[in-house]
Structures are given as structure tokens and as C-alpha cells.
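The values are calculated or read from the model by the stated rules, or taken from the named source; none is laboratory data. Quantities reported herein were computed from a predicted structural model and do not represent experimental measurements. Cβ placement follows ideal geometry from the backbone for every residue including glycine, while neighbour counts extend to all protein chains displayed.
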Amino acid sequence: MGWTAALAGAGFGLALIVAIGAQNAHVLRQGLRREHVGLVVAICALSDIVLIAVGTAGVGAVIAASRTVTVIVTVLGALVLLGYGAVAVRRALRPGDALVAEEGGAALGVGAAAATTVALTWLNPHVYLDTVVLLGSVAAGHGDGRWWFALGAALASVVWFTGLGFGAAALRPLFARPGAWRVLDSVIALVMVAIAVKLVAALF
């Protein structure tokens, strides 16, 4: 029963996080640049573990019931996404700044890398809707096996972010050209802006 719930949690967790989003785009970019990958992956994975635990404990239902909290978190998250979308647009227009550090591009400091990762994780309403509210609700449906479900989802998150961050290095030959970075940053900008617009539109 426990392992069945854990496998269900892993599958459900992967279905939620394996998608092109602001957080995944950031992890991919840091992985390609080989900048503070371990730190970025750790922040994303540990944040997911905490949020999954919070949702499984039942806090997700409380958050979902408050219209005021939902609006505040959504608007704040949309503004953050638009801000980082603008930064991605600037990088796309100036691809030289996006090259890996050893090839002349500006390196992202450890503090900036951590702050960006935390912001894209904790100020993104989708993270709460997915891990706290939705996953928490599904976990509750497993009754006594809900914590096994949560464990499976947490492990899936760790595996995903680790693979995305450290596996991105295999794509470095492709991104040795500035044009490839221009395309990547353009996609990142579009994704962030699209998510922000979708979040705000959902309020009406």
C-alpha cells in the first residue's frame, strides 16, 4: 500500500513539474552556464519538499479558501515573472551577455543566483497551486498513505531538478553559439510573460 502510494505520488509529481515554466527555465539556463548548479538545484528541490509537506498536512485547503491571499500571491507572482521576463528580453537583445562565463559573458554571483531561484520558486503562484493545493488534495485522497504519496512526489522533484540542472551540460555544444542563447532567452521571456498574463486573467 505504501509503495503504491509512493509510486502514484512520483508519477503525479512529475506530471506537475515536468513542464516549461519559469523555474525550470532558470534551472536549465544555470545548468547550461555551469553556474552554481548545485545551489540552484538544492533550493528548488528543498523548496518543493517543504511545499509538498505543507500541502499534505492540509494547509493547501486553507490557502485556497482565502480569496484575499490568493489575489495577493497571484499579483505579486505575476509582477515577479514579468520582471524576469524583461531581463530575459534584454539578454536576448544582447546575446553576448548570455555566453558562459569562461567565454566572456558576465557570471551570475552566488547571491544573485540564490535570490533569483528563491524568487522564481516562492513568489510563483503556480508552485503553491501545484504542490500545496493540488498535490495536497490528491495526497489527502490516499488516506493513511498520504505521506507515502508525498514522499514519492518529493523524490520525483529531487530527481527532476538534479537531472535538469546537471544534465543540461550535455547541451553545451549547441549553446556555444550566441544565436542559441538568443533563442533560449526569447523562449524564457515568452514563457514568463505568458504565465504572468494567464495568472492575472484567472482572477477575473
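Quick notes on this one:
- Given (1) modelled with pLDDT under 70; (2) in a helix (DSSP H, G or I), number of the condition residue 147 does not satisfy: (1)
- In the condition set (1) of a type in the set (Val, Ile, Thr); (2) within 16 Å of residue 31 (Cα to Cα); (3) at pLDDT 85 or above, residue 121 is compliant with all but (2).
- Condition met for residue 154 (of a type in the set (A, V, I, L, M, F, W, C) and without any contact (Cβ under 8 Å) to a residue 40 or more places away in the chain): no
- Condition met for residue 145 (surrounded by 22 or more Cβ atoms within 10 Å (Cβ to Cβ) and touching a residue at least 12 places away in the same chain (Cβ under 8 Å)): no
- Residues within the stretch 168-195 that are out of contact with any Gly (no Cβ under 7 Å at 6 or more places or on another chain) and not aromatic (Phe, Trp, Tyr), tallied: 18
- Whether a residue is within 18 Å of residue 78 (Cα to Cα) and surrounded by fewer than 22 Cβ atoms within 10 Å (Cβ to Cβ) was assessed, and residue 138 does not pass this test.
- Subset of the stretch 155-165 [under 16 Å from residue 23 (Cβ atoms) and either out of contact with any Leu (no Cβ under 7 Å at 6 or more places or on another chain) or surrounded by fewer than 17 Cβ atoms within 10 Å (Cβ to Cβ) (or both)]: 157, 158, 159, 161, 162, 163, 165
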